[in-house]
Protein chains: 2
Amino acid sequence: MTQSFKPTLYLALIHYPVINKRGETIASAITNLDIHDIARASKTFGAKGFFIVTPVKDQQYIAKRIISHWTHGAGGEYNPNRQDALQLIYVVDTLDDVLLHIQNNEGQMPKTVSTCAGGHSRCISYDKVQSLIQQGLPYLFLFGTAWGMSHEIIDKSDYILEPIKGKTDYNHLSVRSAVSITLDRLLGLRS
Amino acid sequence: MTQSFKPTLYLALIHYPVINKRGETIASAITNLDIHDIARASKTFGAKGFFIVTPVKDQQYIAKRIISHWTHGAGGEYNPNRQDALQLIYVVDTLDDVLLHIQNNEGQMPKTVSTCAGGHSRCISYDKVQSLIQQGLPYLFLFGTAWGMSHEIIDKSDYILEPIKGKTDYNHLSVRSAVSITLDRLLGLRS
């Protein structure tokens with residue numbers, strides 16, 4: 001691979017199945033700024049697509065209304081940069097739909113990488129993931145909303161990425177921050 | 001300095017003076033998720049304080065109502081982690097108030113570092129800033145809202161940090177993403 005090789009990365013933001021504060025499996029609500037911030041970070045760092053995963057039709061409708069405002073409506077005319085970013089978004093029912101979409105796009109199934117704040121016995125380092133994504137396969141990074149993805153998703157994923165940490169015991173970043181930092185660690189450039 | 005030395009970092013989110021799409025100087029509105037995301041990232045990476053800068057009293061009132069809900073109201077009981085993060089926030093009128101507050105806290109004025117998406121002839125690298133903050137002085141990082149801080153703030157700052165870039169020409173990150181990535185680049189830990 002040459003220096004200019006660009007890894008094939010996709011992101012999915014999971015709204016179901018996720019867990020709530022009490023550990024129960026729920027479907028979480030769409031957050032407007034997740035849509036904008038994650039799309040803008042995806043575009044900045046060169047991710048190929050950003051999937052919003054929720055089976056709740058009313059929630060899909062809200063997400064699609066927001067996206068349409070910025071890609072085809074008045075928002076797109078007001079701010080073309082936002083239009084470029086939000087064009088990366090797909091709203092789908094399930095994680096299986098994401099995998100199928102990427103398989104159709106890339107001609108092969110992606111490897112999946114779960115992210116989580118709490119740590120896991122299978123966690124691998126950013127350095128390890130950085131070397132994996134250079135090997136040419138498509139990769140799908142999974143991010144949870146609410147109190148995180150349910151274990152059935154995390155356990156099924158091919159890899160689990162180490163939590164993001166600073167020099168403190170506190171690790172309650174927003175998912176918007178976590179996605180931004182993950183993309184920067186894997187794809188960011190510094191002079 | 002030993003390995004365990006923690007730099008003394010503060011953040012300020014500037015709502016005035018900032019510029020709008022047409023380059024005019026304006027006061028921007030408070031965004032709820034700026035408050036949460038930047039406080040949570042500050043707490044995660046060990047920043048000592050996060051200043052929200054706006055001279056508009058109605059806007060200060062909104063910011064203080066939100067912060068109070070999570071630090072002293074029902075939000076704090078529901079989510080103590082959020083309480084820990086939002087306790088780092090100060091709402092002040094001007095950048096001069098921020099400088100005075102840090103001088104009172106630290107016994108000396110901080111060095112100021114402006115961030116901007118567009119680049120500047122005085123930009124210095126993340127590696128350079130990382131070595132500067134290890135030297136023991138307090139540092140204040142300035143982030144703009146709307147279309148960025150006005151030139152009078154950027155030009156007066158001691159240093160200007162290089163823009164965050166990926167392998168694309170697109171660099172329209174949200175300020176929430178930019179703060180998160182900056183803190184991670186300067187203070188993040190990786191296994």
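Which number in (1) assigned to a helix (DSSP H, G or I); (2) among the hydrophobic types (A, V, I, L, M, F, W, C); (3) in contact with a strand residue (DSSP E or B) (Cβ under 8 Å, 6 or more places away or on another chain) marks the one condition that A:Ile181 misses?
(3)
What are the residue pairs meeting all of these: first residue in segment B:7-34, first residue away from every other protein chain (no Cβ under 12 Å), second residue among the charged types (D, E, K, R) and surrounded by fewer than 20 Cβ atoms within 10 Å (Cβ to Cβ), Cβ atoms under 7 Å, and 6 or more apart or on different chains?
Filtered contacts from segment B:7-34: B:Thr8/B:Lys48; B:Thr8/B:Glu106; B:Tyr10/B:Lys48; B:Pro17/B:Glu152.
Taking the residues in segment A:146-160 that are part of a strand (DSSP E or B) and among the aliphatic types (A, V, I, L, M) as candidates, determine which candidate is nearest to B:Tyr78 (Cα to Cα).
Ranking the candidates gives A:Met149 first.
Please pick out the residue among A:Ile164, A:Ile66, A:Ile154 that is more than 30 Å from B:Gln83 (Cα to Cα) and in contact (Cβ under 8 Å) with a residue 24 or more places away in the chain.
A:Ile66
Please state which one of B:Arg65, B:Arg82, B:Arg40 is over 14 Å from the mean Cα position of the chain (by Cα) and surrounded by 16 or more Cβ atoms within 10 Å (Cβ to Cβ). Don't jump to the end; show me each part of the working.
Working: B:Arg65 fails: surrounded by 16 or more Cβ atoms within 10 Å (Cβ to Cβ); B:Arg40 fails: over 14 Å from the mean Cα position of the chain (by Cα).
Selected residue: B:Arg82, the only one of B:Arg65, B:Arg82, B:Arg40 that is over 14 Å from the mean Cα position of the chain (by Cα) and surrounded by 16 or more Cβ atoms within 10 Å (Cβ to Cβ).
Yes or no, residue by residue, for (1) buried (at least 22 other Cβ atoms within 10 Å of the Cβ); (2) within 13 Å of another protein chain (Cβ to nearest Cβ); (3) under 14 Å from the mean Cα position of the chain (by Cα):
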| residue | (1), (2), (3) |
| --- | --- |
| B:Leu132 | no, no, no |
| B:Leu140 | yes, no, yes |
| B:Ser177 | yes, yes, yes |
| B:Ile181 | yes, yes, yes |
| B:Asp184 | yes, yes, yes |
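What's the total number of residues in segment B:144-163 that are within 13 Å of chain A (Cβ to nearest Cβ) and either of a type in the set (Asp, Glu) or open to solvent by 10 Å² or more (accessible area, probe 1.4 Å) (or both)?
Filtering segment B:144-163 for residues within 13 Å of chain A (Cβ to nearest Cβ) gives B:146-147, B:160-163.
Remaining after also requiring either of a type in the set (Asp, Glu) or open to solvent by 10 Å² or more (accessible area, probe 1.4 Å) (or both): B:146-147, B:162-163.
Qualifying residue count, segment B:144-163: 4.
Filter the helices (runs of 4 or more DSSP H) completely within segment B:21-140 down to those with at least 2 residues that are farther than 23 Å from B:Arg185 by Cβ.
B:57-71, B:74-78, B:80-86, B:95-106
Determine whether A:Asp93 is in contact with a helix residue (DSSP H, G or I) (Cβ under 9 Å, 6 or more places away or on another chain), within 14 Å of chain B (Cβ to nearest Cβ) and not aliphatic (A, V, I, L, M).
Taking the combined requirement at face value, the residue does not satisfy it.
Is it the case, given these coordinates, that A:Gly166 is within 21 Å of B:Ser42 (Cα to Cα) and open to solvent by less than 10 Å² (accessible area, probe 1.4 Å)?
So A:Gly166 passes the test.
The values are calculated or read from the model by the stated rules, or taken from the named source; none is laboratory data. Just so it is clear, the structure is predicted and the values come from calculations on it, not from any experiment. Every residue, glycine among them, receives a Cβ derived from its backbone with ideal geometry; neighbour counts consider all protein chains shown. Just the protein is used for accessible areas: all its heavy atoms, side chains included, with ligands, DNA and RNA removed. Shrake-Rupley method; radii C 1.70, N 1.55, O 1.52, S 1.80 Å.
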